[in-house]
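Please read through the structure below; I'll follow up with questions.
The values are calculated or read from the model by the stated rules, or taken from the named source; none is laboratory data. Because the structure is a prediction, the values reported are computed rather than measured. For neighbour counting, all protein chains shown are included, and Cβ atoms are generated from backbone atoms with ideal geometry for every residue, glycine included. Note: areas computed on protein heavy atoms with side chains; ligands, DNA, RNA excluded. Shrake-Rupley method; radii C 1.70, N 1.55, O 1.52, S 1.80 Å.
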Amino acid sequence: MSNAKQTMRVAIIGGGLMGREAASAFGRWFVLQDFPARAELVAVCDLQDKLLDWFRQVPSVRLLTKDHQELLHSPDLDVVYVAVPHHLHRQMYLAALEAGKDLLAEKPFGIDLQAARAIRDAAAKSGRFVRCSSEFPFLPGAQRVVQSAQSGRLGRILEIRSGFWHASDLDPYKPVNWKRQAKTCGEIGVMGDLGMHVVHVPFRLGWKPLRVYAQLQKIYTQRPDGQGGLAPCDTWDNAMLHTEVLVNGAETPKRLEMKRLAPGETNTWFIEVLGTEGGARFLTKQPKTP
């Protein structure tokens, strides 16, 4: 980080939807009050010219490239945000760490367990700042649920539910993309894409599963390929994980729901904790009503 201006110089690898969302967030950074540093987007890497062209409107961007190694070896940046398909996570994350950059990464950390362990070990060895985080738990209502669960006033915890629901995949004519195929998304399917949001609060509260029972669905097994034909879809569309966790020494049911086909839902995230003396629930459909 530049000590003179306390400016965090950020680069993005992957100029798609999430890359553009990140650029928007960096552009709004100035609204944060009493924050010790400011973020400045200085470089972007993507293989598509049309995606790189979008970032030309960002005044602070000084490097646009199709070569991620050129970006990573630039001395004029501190942090790299990587938003690429899952099968590229291991390659890109390790390259960023080897280049000595701090890493903001997309979930999951690796397309499979072997890749995840390689990234974990490299992050620990590098000593760099490495994070992947969900934004939903930082909403005030979600924090109220966390505080209620920690306070003890709910009594003995009876049940925990957490989930993230989408409905856009209900359209069977929606073209296939990398998230619908195991070779690019991983066999984990929807659990790799939405799972981190679902486990964030329960894991932060120390509620890690003792046992896991899975109900998994592959609902649409093929979709239009965008060229007049059909392409296979072999990842899980919906997943419900029924687990048991220890809460104050007692085994307690916890259900985790990740769904791409949830009728009527639009980016709906929720957390619910029920106890003998009360309960707390928050969902993004009603962000002001915990």
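For the range 154-169, name all the residues that are part of a loop (DSSP other than H, G, I, E, B) and closer than 17 Å to M191 by Cβ.
Our first condition is that a residue be part of a loop (DSSP other than H, G, I, E, B); within the range 154-169, this holds for 154-156, 166-167.
The answer is H166, and nothing else.
Let me ask something else about it. Can you spot a residue in the range 74-81 that is free of Cβ contacts under 8 Å to residues at least 60 places away in the same chain and in contact with a helix residue (DSSP H, G or I) (Cβ under 9 Å, 6 or more places away or on another chain)? Spell out the reasoning first.
Just the residues of the range 74-81 that are free of Cβ contacts under 8 Å to residues at least 60 places away in the same chain, to begin with: 75.
With in contact with a helix residue (DSSP H, G or I) (Cβ under 9 Å, 6 or more places away or on another chain) added as a condition, the list becomes none.
No, because not a single residue in the range 74-81 is free of Cβ contacts under 8 Å to residues at least 60 places away in the same chain and in contact with a helix residue (DSSP H, G or I) (Cβ under 9 Å, 6 or more places away or on another chain).
Also, I was wondering about something else. Taking into account only those residues within the range 249-279 that are at pLDDT 95 or above and among the acidic types (D, E), which is least open to solvent (accessible area, probe 1.4 Å)?
E257
Given the criteria under 30 Å from R153 (Cα atoms) and crowded, with 21+ Cβ neighbours inside 10 Å, does F282 qualify?
Numbers: under 30 Å from R153 (Cα atoms): yes; crowded, with 21+ Cβ neighbours inside 10 Å: yes.
Yes.
Here's another thing I want to ask about it. Considering each residue of the range 161-204, count those that are surrounded by fewer than 18 Cβ atoms within 10 Å (Cβ to Cβ) and either of a type outside the set (A, V, I, L, M) or touching a helix residue (DSSP H, G or I) at 6+ places or on another chain (Cβ under 8 Å) (or both), and give that number.
Qualifying residue count, the range 161-204: 14.
Among the residues of the range 170-187, are any more than 24 Å from H89 (Cβ to Cβ) and in a helix (DSSP H, G or I)?
Within the range 170-187, one or more residues are more than 24 Å from H89 (Cβ to Cβ) and in a helix (DSSP H, G or I).
Go through the residues of the range 50-60 one by one and say whether even a single one is open to solvent by less than 20 Å² (accessible area, probe 1.4 Å) and either hydroxyl-bearing (S, T, Y) or touching a His at 6+ places or on another chain (Cβ under 8 Å) (or both).
Initial filter on the range 50-60 (open to solvent by less than 20 Å² (accessible area, probe 1.4 Å)): 52, 55.
From what is left, the residues that are either hydroxyl-bearing (S, T, Y) or touching a His at 6+ places or on another chain (Cβ under 8 Å) (or both) are none.
Taking every residue of the range 50-60 in turn, none turns out to be open to solvent by less than 20 Å² (accessible area, probe 1.4 Å) and either hydroxyl-bearing (S, T, Y) or touching a His at 6+ places or on another chain (Cβ under 8 Å) (or both).
Among the residues of the range 6-16, is there at least one that is at negative phi, outside any strand (DSSP E or B) and free of Cβ contacts under 8 Å to residues at least 40 places away in the same chain? Step through it out loud before you land on a result.
Initially, the range 6-16 is screened for residues at negative phi, giving 7-13, 15-16.
Keeping just the survivors that are outside any strand (DSSP E or B) gives 15-16.
Narrowing further to those that are free of Cβ contacts under 8 Å to residues at least 40 places away in the same chain: none.
Among the residues of the range 6-16, not one is at negative phi, outside any strand (DSSP E or B) and free of Cβ contacts under 8 Å to residues at least 40 places away in the same chain, which makes the answer no.
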